[in-house]
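Have a look at the structure below before the remarks.
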């Protein structure tokens with residue numbers, strides 16, 4: 001299994017679509033920063049990533065003082081660093097003033113209809129909530145604004161049609177519509193990352209660039225598929241079909257750490273997931289993530305998370321109970 005699939009398999013992701021909008025020009029919608037919206041979108045989430053999908057018409061997105069970016073039907077846009085931004089029918093318009101965000105989100109997905117009666121743009125707003133360490137890994141090296149057109153792939157076309165269907169179902173009396181939308185939000189986010197990887201140009205860095213690299217990718221796949229193996233740089237280089245020096249240099253350049261440092265980070269992320277999602281004893285978890293003794297495992301986990309694994313598990317379960 002490849003590194004992206006394995007990562008998404010073992011780490012809990014929570015997605016949702018929270019706004020279904022029909023805007024008519026002129027219009028401008030202000031989206032808050034992810035940090036501001038997170039407590040309302042997914043209370044207790046360590047990290048929230050907001051995205052929009054344009055399903056009809058076109059518009060612009062404005063981010064800070066940067067130039068406006070044109071969007072058209074089929075475009076999905078993600079904000080990896082969680083910046084506040086504006087969606088607008090034309091650059092320079094002031095954002096509409098309206099209800100507070102908590103009122104807007106009282107019912108999800110919220111239907112928004114607004115504008116001056118001109119050409120129509122339809123879009124949906126969603127988010128993905130996940131572990132902060134996972135987000136830091138997945139989104140490392142990505143631009144402040146990431147845009148792909150999902151109509152460029154068969155999966156994207158199916159996803160867009162499925163989102164429209166699920167939004168219609170969410171308004172019907174039949175149960176389960178919100179659950180379908182939640183899963184589609186997760187799949188849409190993953191498909192955007194996959195499309196972005198396919199579009200990668202020379203010079204990009206970050207974890208996703210590493211996954212798609214012909215040298216670093218096989219090494220990442222090896223570590224993710226067999227984390228408990230006693231990996232060495234030599235073994236990883238052999239799997240990647242290259243020399244130790246070439247792998248070490250390329251890995252550091254793209255991922256930002258050495259292969260052995262990364263292996264420890266992945267093992268700790270995997271261990272944290274096992275601690276909070278299973279009742280497995282510490283000795284079993286230590287073995288599953290590649291540590292021969294509880295002591296070595298506890299020492300590595302404490303360095304990564306600031307407390308021993310048993311104490312971290314108790315505090316995490318206590319937070320889940322309160323939530």
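Derivation of every value follows stated rules applied to the coordinates shown; laboratory data play no part. Nothing here was measured: the structure is a model prediction, and the numbers come from that model. Note that we place each Cβ from the backbone using ideal geometry, even for glycine, and neighbour counts take in every protein chain shown.
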Inset, instruction - With r as the distance between the Cβ atoms of residue 72 and residue 244 and R0 = 41 Å, compute the FRET efficiency 1/(1 + (r/R0)^6) and round to 0.05. - result: 0.30
Inset, instruction - Compute the relative contact order of the chain as a whole-number percentage, counting only Cα pairs closer than 8 Å that sit 6 or more residues apart in sequence. - result: 20
Legend entry - Förster radius 25 Å - calculated FRET efficiency between residue 2 and residue 202 (Cβ-Cβ, nearest 0.05): 0.70
Inset, instruction - Please work out the FRET efficiency for the pair residue 214 and residue 280, using the Cβ-Cβ distance as r and a Förster radius of 45 Å; give the result to the nearest 0.05. - result: 0.80
Legend entry - region 192-276, relative contact order [Cα under 8 Å, separation at least 6], %: 28
Inset, instruction - Output the relative contact order of region 213-322, whole-number percent, from Cα pairs under 8 angstrom with separation of 6+ residues. - result: 22
Legend entry - Helix 154-170 vs. the chain, principal-axis angle (Cα, 0 to 90°, nearest 10): 60
Inset, instruction - Just the Kirkwood number for region 213-322, please: inverse of mean 1/r across all distinct Cα pairs, in Å, one decimal. - result: 14.8
Inset, instruction - Mind sorting 294, 58 by how few other Cβ atoms lie within 10 Å of their own Cβ, fewest first? - result: 58, 294
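Assuming 0.36 nm per residue, please report the length gained on full extension of the stretch residue 113 to residue 230 beyond their Cα-Cα distance.
Gain on stretching residue 113 to residue 230: 36.4 nm.
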Inset, instruction - Round to the nearest 10 and give me the degree value, 0 to 90, for the angle of helix 259-277's Cα axis relative to the longest principal axis of the chain. - result: 70
Legend entry - Helix 216-225 vs. the chain, principal-axis angle (Cα, 0 to 90°, nearest 10): 80
Legend entry - Convex hull volume per residue for region 27-88, taking Cα atoms only, in Å³: 87
Legend entry - Which labelled figure in [x] 1.03; [y] 0.97; [z] 1.01 is Rg/Rh (Cα atoms, Kirkwood Rh), once derived from the coordinates: [z]
